[in-house]
Each structure stands twice: as C-alpha cells, then as structure tokens.
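Right, one structure below, let's go through it.
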Amino acid sequence: MTDNPTNTAEGVDAPRRDFLLISTTTLGVAGVAMAAWPFIHSINPAKDVLALASTEVDLSAIEEGMAITVLWRGKPVFIRHRTAEEIKAAEDVDVADLRDPQSDADRVQKPQWLVAIGVCTHLGCIPAGQAIGDVKGEYDGWYCPCHGSHYDTSGRIRKGPAPFNLPIPPYTFTEESMIVIG
Amino acid sequence: MKRTQSSNRLVQWIDDRLPIFTYADHNVIAYPTPKNLNYWWNYGSLAGIILVIMLVTGIFLAMNYQPHADVAFASVERIVRDVNYGWLLRYLHTNGASMFFIVVYIHMFRGMYYGSYKAPRELLWMIGVTIYLIMMATAFMGYVLPWGQMSFWGATVITNLFSAFPWVGDYIVTWIWGGFSVDVPTINRFFVWHYLLPMVLVMVVVIHLWALHVHKSNNPLGIDIKTPQDMMPFHPFYTIKDLFGLGLFMIFFMYFVFFNPNFFGEPENYIPANPMVTPPHIVPEWYFLPFYAILRAVESKLGGVLLMFAGVLILYVLPWLDTSKVRSATYRPIYKQMFWIFFLNCIFLGYIGFHAPTDLLLGMEMLYWGQIATAYYFAHFLILMPLLGKFEKTKPLPNSIFEEVSKKCRAKED
Amino acid sequence: MRKLIISTALGLSLAVSATISTGAHAAGAAVKPIDMSWSWEGMFGTFNREDVKKGGQIFFEVCNACHSMDMVAYRNLVDIGWSEDEAKEVAAQYEVEDGPNDEGEMFVRPARLSDRIVAPYPNEKAARFANGGAYPPDLSVITKARKNGPDYLYSLLVGYQDEAPEGFELAEGTNYNDYFPGHQIFMAQPLYGESVEFPDGSYASLEEEAKYITTFLAWAAEPELEERKSLGIKVLLYLIVLTAMLYALKKRIWSRICLDEYTHGPYEEQYQKDLDKHKMPG
C-alpha cells in the first residue's frame, strides 16, 4: 500500500500538494463525521416522547401502610404511605453508614409520602415489597429478587449488589393529596 | 495475483491470512483504468454512493416508521416533526430516490452511447438491467409506504397490472394484496420487501462490479485496451475525479433536500390514503413515466401490460440487437443521431406519460402521440439497431488510447 | 470541463423535464392562484412570528370549529412565538378524553401542552354528518397537500363571491369561489375581515387575515423549515468549498497525464515502475 502510484510525483511538488491534499482530506473527513450526527441523534428520544413526561396521581385513596405503583415514562413509580414507625426507622439511620449517603429528609417532600422510581439500581429489575405479603427485605422496605438487594423504608440501598438508592422522580403536590410526577 | 508487501507487520499479518489489502489494491488502488474516461463515467460510482445513502437513511427511517395502514401516514409526519433530524432523513431518502434514478439513467444512456454493452461486456450490461429492475420494484414499494393518496392509488393501479394475465391474473393480485384491496397486509409486506430488496440490490451490484473488473471499463473511443500504456491506476486519478464529481452532485442533491424537498413529490401524497376517492389525476413518479406512456399506448389491457414489460425487458437483448462491431457512437455517424433521437423520444414518452391521454398537443390527443413514440421506441431496438450495424459506414477507429491521449496533450501544449 | 458541464446539464434537464410536465398539468382544472410573495420563501426565508401568531388566533377561533390539525401539538406553539404560559392557556380551553382511571372509566380533562390539537369532531363520519356530507380536511399539512399551497389557500380565502356569475348553476349548499377547482365549494366563506379581535384590540382586513392564517398553516405544514434552510446554507457552503478544493486537487493530479516528463523526463523511472506494476494480466 505504501508504494502505490499516488506518491509518484511526490519528490518534486510535495509541499504544495501536501497542503492541498491534507486540508481537503481533513475537510472531507470532518464533513462525513459531522453528517453522522443526525443519524445518531435520530434514535434519541423524539420530541413527542420527551413531552409526554407527566403523570397525575391522586393519593387520597392510599391508606397508611399501603403502597401503589404508577407508570411514569414507562417505568414503575412506588408511592408508599409510610407509618410513623417506618418514618422513624428511616430518619434514625446514621447517614454516614450508608453506601449512598442521603438523609430521609432529602428524599421526601412530606414525610408520610415516599415517591421513588421502582427500578433496582443494580440491573433494572423491579424490587418486591409493594403488595401485602411481599418479601420486604431486612430493612422492611423493598427486596430485589434478582440479585438480593435490600432497600430500607426510604428506598435507600442497605445490603446487596446495588450501588445507589432508588432514584426520586421530580414531582410536586398540586393539592393536599394530589401529585404530578414529571 | 501479486500479493501486497507491506512494511507494516499487522497489515502483512492480516493480508497473509485474509488478503483484503491485496484485494483492495487490485480492485481500487492499482486497478487499471483506461486513461481517457470522461465525466460520463462518473455516474457508476455515484450510483453506488447514492445506494449507500439510501440504505443508511432507510435503516434509520425504519426505526421510526410504522407499517400499518392506520398510522403509517401519521408516523411519517411524526418523523418529520418530532424525531430529531427526522425531516433530514426523510428528505434525503425521498429526494435520494429521484437522484438515484437520474444517475442510473445517465449511466445507462452512457452505456448505450458508447456501446458499453457489446462483447465482451454483455453480462455486465444484463446484470445492470437486473439492478434497474430491482430498483424499480424497490422504488415503487417505497412510494407506497407514506400511505398518501398517490401511494394508495399507485399501489392499486400497479398491482392491478397483474390482473391482465388471463385466468391467473385475479388470483395473483389477491395474493400480492393479501386481501381484496390494497390494505393493512399489503403495506406490511411492501415494507418488508422494501427493506429486503436493497440488500439483494447490494449483492447484484457486487456481481456487476465483479463482471466489470474482468474486462475493465469501456472507454469513449470504444476500442480495446491494448497495452499497459493505455491504462492508469484508478487511484489517485479516478478517485479524485469521482470525488470531484461527487462534490458537484452533492451540491445539486442537497439543494433539493434543504430548499425544495417536495420538488419531485406530488402534493396529492400529503393527503392521507382514502380507499373511497381516487385523485382526479394520478401519475406515477417521474422515473416511471415513459413506461406509463407505453402502457397506455394500446387500448388493450393485456397488450398494454405486455408492451410495458417488453419495453424494459428488451434491454436484456440489446447486446444482440446491435449488430455493429464498433462500440462508440463517436465513430458511428448515423447511430450517433439515432441515439439522440432515441433519448429525446424517451423524454417525450415521459412527457406523454404525465398527461392525460385526452390532453392535446399540437391538436392531437396524447394517446396518439403515445402510440407514435411507443412505436419508435421499439423500432429503435428492433429495426434500427440491427440494420444500422449492417449498413452504416463507420469512421476509422484510432490505433490506441495512448495515442489519442498523447495527441490531446500535444494539442493542449500548442 | 466542457463535458462535465454537459453532463451536469443533462442531469438538470432530466429533473426539469420531470417538473415542467408537473407544472403544466395542475393548471388544467383550476384557476391560477394569486402570486403572493411570502416571508418564508427563498433560501433565507423565515416565518414572520407576528403573522404566525395572529394566524394561530384565527385558526383557533375560526378554522378549528370545523377543521382538525392532528399532527400539531400545543407544545409546538412554543417553538414559533407563543410563551409557554400562553400555549398552556390555549390548550386549557380544549378538553381531551383520557383514561381509563383507577375505576376503569374514561374521563375528560383539559388539554395539556403534550396533547395534539383537539379535533372538532370525533371522527370523519361525524364531521361529514355535521357539514352536510362534506369533509373539512385536516389542516396539518394542507399547504404541502395542494399545488402551490400557500398561494392557493390565500386565493381561496379571498376568492369568495357573493353571487355566481350569470349562467353559472350553483349546487345546493355550495358557494361560488374564483379559485376552487370547479368553483363550487361547500365551505362557507370563513373570513370577512374584522373576523377576529387581536389581543391589542386591533382588527384586520380580509386580505390581512388571509395572509395571517396562510402563514400559520404554512408553518404548521413545515415546522422544520427554518431549521432546514439554515442548516442547508451551511451544508451548501461547505460543499462548495470542498468541491473547489477537490477540483484543485483533481487538476494537479491530472496535469501529470500530460506531462511529457512523466513518460520521458524526470518521472520516467517511476513511470516504468508503474507500468511494470500494472501489467495487464495475460
């Protein structure tokens, strides 16, 4: 490849030709590289997908100690009406001991309502603990059956392979017991 | 085959096991090419590049397109509006189809002018005609996918061509539709074919190149390559010439994509398909118009269909209909004129195909103009080509490509 | 170079012949529309934001009573001059069916930004029933769906006549329009001038109103237009520069073919090597 006839005339008019050749090649390659972006970007979420991002939930029907699961952006969101006991358990933890240190106050807007995305931060399974009679794990929160991650009543990772706490989605209370997620 | 000797040990290691570098050297880099190819020879590589553009844009469009009659139209509009750069992908793809045909038609007319189909390149030509056929099928089915009025009625009319065949016709049409009209099953299978056929196209293009590389390119003089002095390596001479041509062509192409994206389209196709209403004036895409004119030239359903298919298939036997030993029209004074008349006749057929059969031109109905032009189309192949070869007095051929190139160079110096 | 020009010209002529025929035909049935000059035409064209917004108001207050615009969402208004709050306010005036809720019932709620523009009728049959059998077409892509779309729409809107010309038989329920193919249109004249009061308390003439609504509809049909053209300018400039450089490179490389030196002068040795290397097989 190195001795192909491209280089035939190299000895004589090299400097000028090199400049032209190098700049043209650079410009051409840069153009092709930039043309790749629209293709790559086209399979990112489209504008209508991004716009469909809010879910409204009425909390008034959820009794203390119960939980519901709602769908937001195609993922389950856990909403648990926590008992005083559960709140206390969550608040009493020493934040420094946690794998992903976060105080309970940082994770809730109203202490009795925990709203968290119900997707295990390990590999994306949905932890058990929503329904009555579910295994809730050693910390009485959630337990992921796939690889054994235990979450506490604040949705924080306490034991098992998962690296992070259950993420909190953006939400606001529009009324006393009405929230909009997203 | 001379194997690549490289100072790069990795290159050498790979090449000893899988000679891709040797292969590239033989077929692209050092590939011997006649010295005198003109710009008409750019269109082969251009067609290949457009095929790649069509494949890539098509694959990414397919990721957002939904082949269902209820949502197809809306999903295309969603691509244009909501998908990131979806409008760019779509307009590259729709205009790309027209560009593909422009380039391939020029490529074919070039082959006819310079006699590129003659021995020993008959198979090369026939494989090319096959490429053209697959392109037509692919383009037709692609046009159905946006599910506008023209999509729907184009699909209805074209598939109904097959109903012209006696006895089995109706069964074939029902079989193609997967129902009793163009409907949900039809668009679904057309989408599959539209995605599959280009892959077949790529394979046939590879065979086309394979056949090309056996006897190498024809050239404007139409004479055989005699000595190595007639040739030069493909790279850098023709790589740069092709790239320059590509640059010009891309300017032309991108003008339409960005500033006139619906130029080649029909406004009618922005009306969602409606099985209850046929648009007042239905026409195929411009690249099918000449054949559409042939279809309508005879007032017999089966006759028109057969004649139209014959119009395309006759290209397969062109190498044997042309009896002249001289390839290039440059040395065939009468054929040269016949060629241009044939070219204009094809354009004229396209013009007729666009108009309703009852439209008037110089006081005569298009139907009759269509019959005259169709008759000439076939006469060109069946009468003129065989006879010309026998009776035409050709000009003396030059001795070699090398000599002609040197002559030109000397003329330039003076 | 001459050959190149011819070859390019041929490509162009193929393309042009395709369209000359296109243009020639459409004129057959209908009257040629008024030739307007629009702000979004040309390589640098953009939509006049004020016109779009006024046109949008006309759309929501007049057209939307019968015509749907299924492909456009309220959020799209934000892209072309509405503030987010204004767009939300527009959306909130309409109701959409959502659900099912926890009890399995469908319910009605005010439209949000993410909703597509609410259609006046639930389906085509209802639309036909309410309009004496005629179907008011969806206006999402209307300027793309008619030959010379913007000019045609404008002409149609200003082309109503109170009475058909003498001797012209108008069918029951239709109106006479200079520019509609066949002149008999079911749609009653929608705009008369001063049809809508704009937020600043002003009114507009029929011609101005027609211009506003056409601008809005042109935007709705091609919301990508401004982005498309501005990217297009950059792409064309890039290609022109690149092609010019490729041409320079091509000239340099090809000058070698005529250099006697290549075959006889200082390059002779290299030339012989090239020849050896590319000997024809056999």
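The values are calculated or read from the model by the stated rules, or taken from the named source; none is laboratory data. Only a predicted model underlies this, so the values are computations on that prediction, with no experimental measurement involved. A quick note on method: Cβ atoms are made from the backbone with ideal geometry, for glycine too, and the neighbour counts reach across all protein chains shown. Heavy atoms of the whole protein, side chains included, go into the accessibility calculation; ligands, DNA and RNA do not. Shrake-Rupley method; radii C 1.70, N 1.55, O 1.52, S 1.80 Å.
For the stretch B:37-84, a residue qualifies if it is among the aliphatic types (A, V, I, L, M) and closer than 30 Å to B:I401 by Cβ, and the qualifying residues are B:L37, B:L46, B:A47, B:I49, B:I50, B:L51. Residues that are facing chain C (nearest Cβ under 7 Å), under 18 Å from C:I233 (Cα atoms) and open to solvent by 10 Å² or more (accessible area, probe 1.4 Å) within the stretch B:231-251 comprise B:L248, B:M250, B:I251, listed in sequence order.
Taken over the stretch B:208-223, the criterion of being crowded, with 16+ Cβ neighbours inside 10 Å and at negative phi is satisfied by B:H208, B:A211, B:L212, B:S217, B:N218, B:N219, B:P220, B:L221, B:I223. Only residues that are buried (at least 18 other Cβ atoms within 10 Å of the Cβ) and assigned to a helix (DSSP H, G or I) were counted in the stretch C:65-79, giving 4.
B:V52: in a helix (DSSP H, G or I) and away from chain C (no Cβ under 14 Å), yes or no? Spelling it out, B:V52 is indeed in a helix (DSSP H, G or I) and away from chain C (no Cβ under 14 Å). Among all residues of the stretch B:43-51, there is none that is aliphatic (A, V, I, L, M), surrounded by fewer than 18 Cβ atoms within 10 Å (Cβ to Cβ) and closer than 21 Å to B:W87 by Cβ. Being aliphatic (A, V, I, L, M) and surrounded by 17 or more Cβ atoms within 10 Å (Cβ to Cβ) is a description that applies to B:L367.
Taking every residue in the stretch A:97-117 that is free of Cβ contacts under 8 Å to residues at least 24 places away in the same chain and pairing it with any residue that is open to solvent by less than 80 Å² (accessible area, probe 1.4 Å) and not in a loop (DSSP other than H, G, I, E, B), at least 6 positions away or on another chain, the pairs with Cβ-Cβ distances below 7 Å are A:P101/A:V95; A:S103/A:V95. Considering only the stretch B:343-414, give the helices (runs of 4 or more DSSP H) lying wholly within it that have at least 2 residues that are under 30 Å from C:C258 (Cβ atoms). By residue number, B:401-413. Test C:G55 against the criterion of being modelled with pLDDT of 95 or more and more than 13 Å from chain B (Cβ to nearest Cβ), and give yes or no. Considered against the rule, which asks whether it is modelled with pLDDT of 95 or more and more than 13 Å from chain B (Cβ to nearest Cβ), C:G55 comes out as yes.
For the stretch B:256-286, the candidate set comprises residues that are part of a helix (DSSP H, G or I), facing another protein chain (nearest Cβ under 8 Å) and under 21 Å from the mean Cα position of the chain (by Cα); within that set, the residue that is modelled with the lowest pLDDT is B:W286. The residue of the stretch C:80-106 that is modelled with the lowest pLDDT, among those that are closer than 20 Å to A:L50 by Cβ and assigned to a strand (DSSP E or B), is C:D98.
Check the stretch B:304-313 and report whether any residue there is touching a residue at least 60 places away in the same chain (Cβ under 8 Å), within 22 Å of the chain's Cα centre (by Cα) and crowded, with 22+ Cβ neighbours inside 10 Å. The answer is yes; a qualifying residue exists.
State whether the residues of the stretch C:165-183 include one that is part of a loop (DSSP other than H, G, I, E, B), under 21 Å from C:T214 (Cα atoms) and over 24 Å from the mean Cα position of the chain (by Cα). For the stretch C:165-183, residues part of a loop (DSSP other than H, G, I, E, B), under 21 Å from C:T214 (Cα atoms) and over 24 Å from the mean Cα position of the chain (by Cα): present. Residues in the stretch B:52-80 that are of a type in the set (V, I, T), open to solvent by 20 Å² or more (accessible area, probe 1.4 Å) and under 26 Å from B:M250 (Cα atoms): 4 in all.
Taken over the stretch A:151-180, the criterion of being over 13 Å from A:A89 (Cβ atoms), in a strand (DSSP E or B) and open to solvent by less than 70 Å² (accessible area, probe 1.4 Å) is satisfied by A:I157, A:Y171, A:F173, A:M178, A:I179, A:V180.
Given the criteria without any contact (Cβ under 8 Å) to a residue 12 or more places away in the chain and either within 14 Å of another protein chain (Cβ to nearest Cβ) or among the β-branched types (V, I, T) (or both), does B:L360 qualify? Here the answer is yes, as B:L360 does meet what is asked. The selection criterion, being touching a residue at least 24 places away in the same chain (Cβ under 8 Å) and either in contact with an Asp or Glu (Cβ under 6 Å, 6 or more places away or on another chain) or open to solvent by less than 60 Å² (accessible area, probe 1.4 Å) (or both), holds for B:L321.
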